[in-house]
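Contents: one structure, followed by commentary.
The values are calculated or read from the model by the stated rules, or taken from the named source; none is laboratory data. Quantities reported herein were computed from a predicted structural model and do not represent experimental measurements. Here the Cβ positions follow ideal geometry from the backbone for every residue, glycine too, while neighbour counts run over all protein chains shown.
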């Protein structure tokens, strides 16, 4: 893996870590993991979520380096079941029309228009964006998109 790709992956994992770390103490507890997964409507019993929760439970909480190790450790097995990171990135880029690294509501509406089968595009775009926008900034980053993809 090239250094540039590795640095980009680390930045995305840092953003994902921050989404889980609700109290910003630099550690993720099993409750923070469970709360985020529940808020996403995800399955806490899927193997990669269980592994994060077990890791956090054993250690009391998971810090950034432990989170990165756990995330990278189960990424390979998840990719076999749920699509590779490249496939997820490709799906993200279908929505990120301007390529700035974020999906906005306007981009979501446009993507839904392009699909053609959603009747109330604005309402559906709002619902989708709200569902994926974990940090509440009004847009969806790749990390947020990937987390939702993995746990939904």
Review point. Regarding residue 66, is this residue out of contact with any strand residue (DSSP E or B) (no Cβ under 7 Å at 6 or more places or on another chain), in the same structural domain as residue 25 (by the TED database) and either crowded, with 19+ Cβ neighbours inside 10 Å or at pLDDT 80 or above (or both)?
Key: yes
Review point. Which of the residues spanning region 99-152 are part of a strand (DSSP E or B) and either modelled with pLDDT under 80 or closer than 23 Å to residue 23 by Cα (or both)?
Key: 140, 141
Review point. Within the bounds of region 19-42, is there any residue that is under 14 Å from residue 145 (Cα atoms), at pLDDT 75 or above and not assigned by the TED database to the domain that holds residue 132?
Key: yes
